[in-house]
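Novice: This is the structure, below, for whatever I ask next.
The values are calculated or read from the model by the stated rules, or taken from the named source; none is laboratory data. Just so it is clear, the structure is predicted and the values come from calculations on it, not from any experiment. In this analysis, Cβ positions are derived from the backbone assuming ideal geometry, glycine residues included, and neighbour counts consider all displayed protein chains.
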Amino acid sequence: MSKLKYEKPVISKITAGVPNKFGMPAKQRIISEIDGIPVPKLMEDFGSPVFVISEQTIRDTYAEAKRAFETRYPKVQFAWSYKTNYLDAVCNVFHDEGSWAEVVSGFEFQKALSNGVSGSNIIFNGPEKSEEDLTLAINHNACIHIDHFDELYLLIETTRKLNKKARVAIRVNLDAGIYPIWDRFGFNYENGEAWNAINRIMLAENLEMIGLHTHIGTYIMVASAYAVAATKLSNLYMAIYRKFDHWLKYIDLGGGFASKNTLKGAYMPGSETCPSFDEYAEAISNAIISSEIPHENLPVLFMETGRALVDDAGYLLTTVLANKRSTQGRRTMVIDAGVNLLFTTFWYNLGVFPSKEVSTHVEESTIYGPLCMNIDVIRDAINFPQSKVGDQLVIERVGAYNMTQWMQFITFRPNVVMIDLEGKAHVIRRKENLDSLQSFEVAIKK
């Protein structure tokens, strides 16, 4: 008979049937499997830590978003945001569902091409496009979204050198009633800068203006802000027609939809407060349909949402390395996954859950990663059951940005696994080792 594990006595106030300000007491949630595969099996096969992505969740979420928009607006096209997660296996699921590619660098443009995306189905955003990047985009007939006047002048010069036309749009920044206003990117609507840029483009013989684009920010919690943005772009759309007798092909409302993650400092969980795809779609479609644009000339509506489409599909499986007590008496835990792998933990209270029943007692705890740096905090304060060394934990909603903003620091980056529609797990990015790390180093010969 094994020795019973010691658990520190805990005094808990009985609140049966009486909610406190956070609601009714809830039983500790457990994530024991992902798409039918037990967590211990995944960690046995692919190590710890390991990222796991659910293909089924990606497709289900995409279908939900597509339904929300296509039932409200007649012409909708999604473009997958490569910077959100540009692992090929992930991108190709979105492309298989019909999504175009939205890229913000020459590197991402080339990655989209390598994934079989036609250049004419690539939207090229971002403030940094070299002449080489613009040449690549022009030769592949991409949709180039101009960010500033210097880029406009470089693009005009490049089209002259190539003696080719470029399909272009402009990025517009505007006051949608949320702050801070993202005025770093694009041309301003309110001060007339955007209209100035449009006039210059319409005068350029090698530029074909086909659309308008805005991206009002990130993790936008107010769907009505998109209605304001859509209204202002619709006004520009009609102004272009009135002056130049020219109908644009599309209006692009960008991304920025909130996922169900909970922002740090939020009183309520994101799963309760974030707008649904239906709410975003309702606000955007109403604004465009109710504008002065004739129904027979409605533009294609482009959406570039990334985070809200993939966050729920990603998990990070990790192992408890140690339990400690801080000098203030708070229980702390060290796990084998740090902020080098979880960039989003700096602004989210990520959900961390046991993979099995470990204890009925919970205690306010701090969860640290394994890095030798004081900022390596996964959760600063979380009510968590007493876990022992070797227990396996699951961190949910990590599909967006963590696998593009991660870094090799102190520890190697781990395997990334995708579970396909048949419930089989495949490595889609191999874990690093010393050879892969040193392969880019060049020794100095003496």
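Novice: Mind checking which residues of the range 345-366 are assigned to a strand (DSSP E or B) and surrounded by 14 or more Cβ atoms within 10 Å (Cβ to Cβ)? First the steps, then the outcome.
Specialist: Pass one, the range 345-366, residues assigned to a strand (DSSP E or B): 348, 352-354, 362-366.
Across the range 345-366, the qualifying residues are TYR348, VAL352, PHE353, PRO354, VAL362, GLU363, SER365, THR366.
Novice: Being more than 19 Å from the chain's Cα centre (by Cα) and under 28 Å from LEU203 (Cα atoms) narrows it down to one residue among PHE109, PHE187, PHE124; which is it?
Specialist: Going through PHE109, PHE187, PHE124 in turn, the sole match is PHE187.
Quick grid of which residues meet (1) charged (D, E, K, R); (2) touching a residue at least 60 places away in the same chain (Cβ under 8 Å); (3) surrounded by 14 or more Cβ atoms within 10 Å (Cβ to Cβ); (4) within 30 Å of PHE343 (Cα to Cα):
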{"site": "ASN85", "(1), (2), (3), (4)": "no, yes, yes, yes"}
{"site": "GLY126", "(1), (2), (3), (4)": "no, no, yes, yes"}
{"site": "LYS129", "(1), (2), (3), (4)": "yes, no, yes, yes"}
{"site": "ASN139", "(1), (2), (3), (4)": "no, no, no, no"}
{"site": "ILE144", "(1), (2), (3), (4)": "no, no, yes, yes"}
{"site": "ASP150", "(1), (2), (3), (4)": "yes, no, no, no"}
{"site": "ARG160", "(1), (2), (3), (4)": "yes, no, no, no"}
{"site": "LYS165", "(1), (2), (3), (4)": "yes, no, yes, no"}
{"site": "ARG184", "(1), (2), (3), (4)": "yes, no, no, yes"}
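Novice: Cβ contacts < 6 Å: first residue over 14 Å from ARG171 (Cβ atoms) and in contact (Cβ under 8 Å) with a residue 12 or more places away in the chain, restricted to the range 189-207; second residue polar (S, T, N, Q) and in a helix (DSSP H, G or I), any location; separation 6+ or different chain. Result?
Specialist: Short answer, once both residue conditions are applied: ASN206/THR159.
Novice: Could you identify the single residue in GLU272, GLU282, GLU296 that is over 16 Å from the mean Cα position of the chain (by Cα), within 20 Å of ALA229 (Cβ to Cβ) and in the same structural domain as ARG200 (by TED's automatic domain parsing)? Step through it out loud before you land on a result.
Specialist: On the way: GLU272 fails: within 20 Å of ALA229 (Cβ to Cβ); GLU296 fails: within 20 Å of ALA229 (Cβ to Cβ).
Only one candidate qualifies: GLU282.
Novice: Given the options ILE378, ILE419, ILE395, ILE428, name the one that is free of Cβ contacts under 8 Å to residues at least 60 places away in the same chain, among the aliphatic types (A, V, I, L, M) and under 26 Å from ASP35 (Cα atoms).
Specialist: Working: ILE419 fails: free of Cβ contacts under 8 Å to residues at least 60 places away in the same chain; ILE395 fails: free of Cβ contacts under 8 Å to residues at least 60 places away in the same chain; ILE428 fails: free of Cβ contacts under 8 Å to residues at least 60 places away in the same chain.
Just a single option satisfies the conditions, and that option is ILE378.
Novice: Something else now. When you scan the range 234-253, how many residues do you find that are crowded, with 21+ Cβ neighbours inside 10 Å and either over 23 Å from ASN286 (Cβ atoms) or touching a Ser or Thr at 6+ places or on another chain (Cβ under 6 Å) (or both)?
Specialist: The total comes to 1.
Novice: Mind checking which strands (runs of 3 or more DSSP E) fall wholly inside the range 374-446 and carry at least 2 residues that are modelled with pLDDT of 90 or more and more than 24 Å from MET333 (Cβ to Cβ)? Step through it out loud before you land on a result.
Specialist: Details: elements: 377-385, 392-396, 416-419, 425-429.
Hits in the range 374-446: 416-419, 425-429.
Per-residue answers, yes or no, for (1) assigned to a helix (DSSP H, G or I); (2) out of contact with any Pro (no Cβ under 9 Å at 6 or more places or on another chain); (3) β-branched (Val, Ile, Thr); (4) over 21 Å from GLY106 (Cα atoms):
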position: ASP150; (1), (2), (3), (4): yes, yes, no, no
position: LEU155; (1), (2), (3), (4): yes, yes, no, no
position: THR159; (1), (2), (3), (4): yes, yes, yes, no
position: ARG167; (1), (2), (3), (4): no, yes, no, no
position: ALA176; (1), (2), (3), (4): no, yes, no, yes
position: PRO180; (1), (2), (3), (4): no, yes, no, yes
position: ALA197; (1), (2), (3), (4): yes, yes, no, yes
position: HIS215; (1), (2), (3), (4): no, yes, no, no
position: ALA227; (1), (2), (3), (4): yes, yes, no, yes
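Novice: Please determine whether any residue of the range 219-231 is within 20 Å of PHE124 (Cβ to Cβ) and either surrounded by 22 or more Cβ atoms within 10 Å (Cβ to Cβ) or modelled with pLDDT of 95 or more (or both).
Specialist: Within the range 219-231, the subset within 20 Å of PHE124 (Cβ to Cβ) is none.
Scanning the range 219-231, I find no residue that is within 20 Å of PHE124 (Cβ to Cβ) and either surrounded by 22 or more Cβ atoms within 10 Å (Cβ to Cβ) or modelled with pLDDT of 95 or more (or both), so the answer is no.
Novice: What is the number of the single condition among (1) within 27 Å of the chain's Cα centre (by Cα); (2) within 22 Å of LYS111 (Cα to Cα) that PHE440 does not meet?
Specialist: (1)
Novice: Taking the conditions exactly as written (on the phi > 0 side of the Ramachandran plot, at pLDDT 95 or above and surrounded by fewer than 17 Cβ atoms within 10 Å (Cβ to Cβ)), does GLY23 satisfy them or not? Walk me through it before giving the result.
Specialist: Values: on the phi > 0 side of the Ramachandran plot: yes; at pLDDT 95 or above: no; surrounded by fewer than 17 Cβ atoms within 10 Å (Cβ to Cβ): yes.
Judged against the criteria, GLY23 is not a match.
Novice: Then there is this: Among the residues that make up the range 312-329, is at least one of them buried (at least 24 other Cβ atoms within 10 Å of the Cβ), among the polar types (S, T, N, Q) and either touching a residue at least 24 places away in the same chain (Cβ under 8 Å) or in the same structural domain as ALA68 (by TED's automatic domain parsing) (or both)? I'd like the intermediate steps shown before the answer.
Specialist: First, pick out the residues of the range 312-329 that are buried (at least 24 other Cβ atoms within 10 Å of the Cβ): 313-318.
Next, from what is left, pick out any that are among the polar types (S, T, N, Q): 318.
Filter again for either touching a residue at least 24 places away in the same chain (Cβ under 8 Å) or in the same structural domain as ALA68 (by TED's automatic domain parsing) (or both), leaving 318.
Within the range 312-329, one or more residues are buried (at least 24 other Cβ atoms within 10 Å of the Cβ), among the polar types (S, T, N, Q) and either touching a residue at least 24 places away in the same chain (Cβ under 8 Å) or in the same structural domain as ALA68 (by TED's automatic domain parsing) (or both).
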